[in-house]
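K.L.:
Quick one: the structure is below, and I'll ask about it shortly.
The values are calculated or read from the model by the stated rules, or taken from the named source; none is laboratory data. None of the values given here were measured: they were computed from a predicted structure. Side chains included, ligands, DNA and RNA excluded: accessible areas come from the protein's heavy atoms. Shrake-Rupley method; radii C 1.70, N 1.55, O 1.52, S 1.80 Å.
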Amino acid sequence: MSSADVLFEVGYTFLSLLVLFAVNTVLFGFNHPTVRMPWWKIMLSFILMWLLSRLLGELFVYLHRNFNVPAIDAMVHHYLHPVRDFIISLIVTGTCYISYLIRERQEVLFQNGKLLAENIQNQYQALKNQLNPHMLFNSLNTLQFLVRESPEKAQDYIRELSHVLRYTLQENESHTVALREEMDFVDAYIFLMKMRYEDNLCFVIAVDEYLMDYRLPPLSIQTLVENAIKHNEISNRNPLTIDIRTCVSLDGKEAQLCIDNDLQLRRTAPSGTGIGLANLSKRYELLFGKEIQITEASGKFSVCIPLIKP
């Protein structure tokens, strides 16, 4: 037995394995995770691979005897051929089936991921569809008050309200907006609120310019401003000041926008649908996996929302 005999024997066995893998995959569809793979198909694959391995072995013996192809010619080796064929067929069928199970699991994970993404998308869209009527409801309440108290201001209010509603419609397909766009919209919304409350409602805005490209869900700041106005008394005796400011962590990796106001709760329960903060919190959870921070201490109410780096 020479080195050439061993090399040819090993090389032919390797080529036989490649042929068996290809035939098994094509015939039984092991590379298609959507194809069902019952036990009888696996057994049929094993038997067929065994027979093909025997035929390929006989072909090699034929080539050795008639064309002097180098091969191991020991008698013991010939007796071991059936064992070799059994092991080869077991390896081919077993490997193909394990590969099929892995592909099937990957397909299941992929489909679950798609379903999860679609579910999140549907939840987010439902939240947005809930938010726009919510804002319109509160704006119409304000308009009703102005029509009764000051028809002239009501006309200006309607004009600015159309700009505000145009923004909500334009951003209807967007999951996030730049802080710059949101602040432009909030300026218009603040104009509407100050038209109603005049000098009894004040705003202190300190937003860093370099954070203007950071992202957040649309209508986030408006929701928080509206929440502060809705729950607190605003009068000559108790004017309300709302602070809108940005802050950055010490390491500079996280940025937030915070809205603070003094706690001067209304004596009567505020009218509304009660979805503002809950809606905003859910949107942050769905979009970014982050939470908003709500604190109430020392007569101050504060809500901080993360700003997402673009």
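K.L.:
Per residue, how large is the accessible surface of region 22-63? Use a 1.4 angstrom probe and give square angstrom.
P.N.:
Values: 2650 Å² over 42 residues.
So region 22-63 comes to 63 Å² accessible per residue, rounded to a whole number.
K.L.:
Out of all DSSP beta bridges with both ends in region 160-310, state the antiparallel percent to the nearest 5. The partial results should precede the final answer.
P.N.:
Values: 24 of 30 bridges.
In region 160-310, approximately 80 percent of DSSP beta bridges are antiparallel ones.
K.L.:
Excluding residues fewer than 8 places away in the same chain, name every one of the lysines whose C-alpha is closer than 29 Å to that of residue 153.
P.N.:
Residue 153 reaches 194, 230.
K.L.:
Test of understanding: express the Cα radius of gyration of region 155-305 as a ratio to 2.2 N^0.38 Å, with N the residue count.
P.N.:
Values: Rg = 15.4 Å, N = 151, 2.2 N^0.38 = 14.8 Å.
Expressed relative to 2.2 N^0.38 Å, the Cα Rg reads 1.04.
K.L.:
Could you go through region 142-154 in sequence order and give the Karplus-derived ³J(HN,Hα) for each residue, using 6.51 cos²θ - 1.76 cosθ + 1.60 with θ = phi - 60°, rounded to whole Hz, and x for Gly and Pro?
P.N.:
5, 4, 4, 5, 5, 4, 6, 8, 8, x, 5, 5, 4
K.L.:
Cα to Cα, under 18 Å, and not fewer than 8 places away if on the same chain: which lysines meet these conditions relative to residue 282?
P.N.:
Within reach: 128, 290.
K.L.:
Right, here's the next one. Please list 60, 203 from largest to smallest accessible area, probe radius 1.4 Å, with all protein chains kept in place. List each step's numbers first, then the result.
P.N.:
Working: 60 15, 203 40 Å².
Descending order: 203, 60.
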